[in-house]
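See structure below.
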Amino acid sequence: MQIIDGKKISQEIKDEVKEEVAQLKAEGKDIALAVIQVGADPASSVYVRNKKRACEYVGIESISYELPEETTQEELMAIVDKCNKDPKINGILVQLPLPKHLDEDEVLLAIDPKKDVDGFHPVSVGNMVIGEKGFLPCTPAGVIQLLKRSGVEIDGKECVVVGRSNIVGKPMAMLLLRENGTVTVCHSHTKDLKEVCKRADILVVAIGKPKFIDDSYVKDGAVVIDVGIHRNENNKLCGDVDYDKVAPKTSAITPVPGGVGPMTIAMLMKNCVESKKLFGE
Ligand code: NDP
């Protein structure tokens, strides 16, 4: 059984990005990412801090907007507009979730698709579906990298994705399809989830329920990717998969922490470079 090491693979990707950033810098091309956070949700603050740290590591400038909780929709839209128009900024990241009084969809839709490094804008989603160049959403794109760089063949394999959210499940299914997997997507209306999961050569779980998937959902020798992140009462992290029960049955599995988690930020850094290369001045 192979433990897929997301820490190591994400580090490899960040080092590749660092090299590319240095090359672009040598040509006089600097890269900047605007990071917009509204309010001070502790989990969001940790993510934002980690994103800024990754920027520093690879040599991308991060331009921080730390806005108070009571920021209005108009104020936030004005900042997005300013970032859209600033030629120095290559990527715009609005940390989600936004406080409840703000309209998330309107904000994400306002981001210039050429700076949509999170890959959530409908233009980016459309490009992903038709296979055009553009930004891929970071978490599912990170999963594809984990599989490829661990030597897991996707072509022709039975792939089952549990979860159909816009940020993980749906794009995950699309990216596996692009790699020629045969893809089934499961959700809360799926009948006999266990039997469907047991068909999977590659099982990707993004269900948002701690340790939901145990060994009875997994075929012998399957590859299991756990996207879930939860903090339990002892402040320990766990995933959507019951790792201790499932791991012995698999040929390869991602742990939590240290699996999918670190990949998301590495792919964000990659998207910032992509932005400069595709659209930068
Ligand atoms: P959502 O809550 O948006 O989506 C969960 C999905 O799981 C839904 O499609 C839902 O179905 C489905 N689901 C829920 N219960 C069941 C069930 N009993 N049987 C079958 N399907 C079910 O979650 P996200 O996609 O945003 O996130 C999933 C997990 O991944 C979370 O733990 C989150 O913290 C983590 N995550 C990790 C990231 C990382 O960087 N590693 C990034 C993003 C998320 P339906 O649509 O029918 O309601």
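Quick look at the numbers
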read-out: Rg to Rh quotient for region 207-281, alpha carbon positions, Kirkwood Rh; value: 1.15
read-out: P(r) tail fraction, region 28-115 - alpha-carbon pairs more than 22 Å apart, %; value: 24 percent
read-out: If the convex hull is drawn through the Cα atoms of region 138-261, its volume per residue in Å³; value: 96 Å³
read-out: Mean Cβ neighbour count within 10 Å, used as a protection proxy, ranking 195-203, 23-31, 36-44 highest first; value: 195-203, 36-44, 23-31
read-out: Charge dipole (debye, nearest 20) of region 189-281; +1 at Cβ of Lys and Arg, -1 at Cβ of Asp and Glu; value: 120 debye
read-out: Full-stretch length increase - residue 85, residue 230 - with 0.36 nm per residue and alpha-carbon distance subtracted; value: 48.4 nm
read-out: Mean Cβ neighbour count within 10 Å, used as a protection proxy, ranking 145-155, 66-76 highest first; value: 145-155, 66-76
read-out: Calculated P(r) of the chain - Cα pairs past 27 Å, %; value: 40 percent
read-out: Euclidean distance between Cα centres, region 1-43 to region 71-102, Å; value: 21 Å
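Where a number appears in this text, it was derived from the coordinates with a stated rule and is not lab data. Computed from a predicted model, the values in this text were never measured in an experiment. Backbone-built Cβ (ideal geometry, glycine too); neighbour counts: all protein chains shown.
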